[in-house]
1. State whether the residues of the stretch 177-195 include one that is part of a helix (DSSP H, G or I), in the same structural domain as Thr81 (by TED's automatic domain parsing) and closer than 18 Å to Ile118 by Cα.
2. Considering each residue of the stretch 134-163, count those that are at pLDDT below 95 and within 17 Å of Ala173 (Cα to Cα), and give that number.
3. Select, from Lys224, Lys190, the only residue that is at pLDDT below 95, of a type in the set (D, E, K, R) and at positive phi.
4. Could you please find all residues in the stretch 66-88 being in a helix (DSSP H, G or I) and under 19 Å from Ile217 (Cβ atoms)?
5. Scan the stretch 118-135 residue by residue and report those that are in a loop (DSSP other than H, G, I, E, B) and either in contact with a helix residue (DSSP H, G or I) (Cβ under 6 Å, 6 or more places away or on another chain) or within 17 Å of Arg66 (Cα to Cα) (or both).
6. Identify all residues within the stretch 156-165 that are without any contact (Cβ under 8 Å) to a residue 60 or more places away in the chain and closer than 15 Å to Phe111 by Cβ; write none if there are none.
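The values are calculated or read from the model by the stated rules, or taken from the named source; none is laboratory data. Remember, it's a predicted structure, so these values are computed and weren't measured experimentally. Here the Cβ positions follow ideal geometry from the backbone for every residue, glycine too, while neighbour counts run over all protein chains shown.
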Amino acid sequence: MSSIQHAENGFDQTNSAHRADTGAAAGKDAAGAGHLTDAQSAALRSTEARNAHDTGVSDSGRWSTRRIAIYALFVALAIVTSFIEVPLMPAMPWLKYDPSGIIVLIAGFAFGPSAASIVGVLGFAPHLLMDPWGALLAILVALGLGLPSAFIYRSHRSRKAAALGLVVGALVALAVAILGNLIITPIYAKMSVQAVAALIVPALLPFNLIKFAIDGIATYVIYKPVSNLLHR
């Protein structure tokens, strides 16, 4: 074999070895890339799993563990405060104020209309067993107060929107309270509609105005500190 052939054979062997080394390196790179992708996928799945079980309250619209617990706390507070009844008008001691409306408003501001609905309804659930008609009226008034306030505040989270929401909620709740008394009170209190209507100006109107003023002012003052505590 000539020296040229030896050189060519050596060159071919070198090229073959180089191609083999290059192929092996490429295989290692591909394997490494595949391993990295798997690791990234595993990390992504782990992150998604953690997010799925997130206990924060800032994830709007998601039923996290912490949010459910806070809803339950609000409901419990609403139930307890619904039994704290204080007569506001000595001449009419059956008209009693309870601060559960404040709990409904704060829940609505913090978590939206759905929270206001849940707290407003479940907060008076025990009263359905003792005074179903009165509890029904109280639930309707709580929804009339909490839902408009929560909707308005959710559209623009500011002090101005909060004040506007509280005013609108109070007006809606006042209308619900008056109409509800005209419809529901004659059913369980053995009073005529005319007798209930005669109480609107001297009793029902001032009582409910005072009630909603207390609820609105208290909510406006304490909501921000409570909100900061909830969203830590």
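1. no
2. 1
3. Lys190
4. Keep residues of the stretch 66-88 that are in a helix (DSSP H, G or I), which gives 66-82.
Residues satisfying the conditions are Leu77, Ala78, Thr81.
5. Hits for the stretch 118-135 are Gly123, Phe124.
6. Arg157, Gly165
Per-residue answers, yes or no, for (1) assigned by TED's automatic domain parsing to the domain that holds Pro202; (2) surrounded by fewer than 21 Cβ atoms within 10 Å (Cβ to Cβ); (3) touching a helix residue (DSSP H, G or I) at 6+ places or on another chain (Cβ under 6 Å); (4) in a helix (DSSP H, G or I):
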residue	(1), (2), (3), (4)
Pro90	yes, yes, no, no
Trp94	yes, yes, no, no
Val104	yes, no, yes, yes
Ala107	yes, no, yes, yes
Ala116	yes, no, yes, yes
Val141	yes, no, yes, yes
Leu145	yes, no, yes, yes
Val168	yes, yes, yes, yes
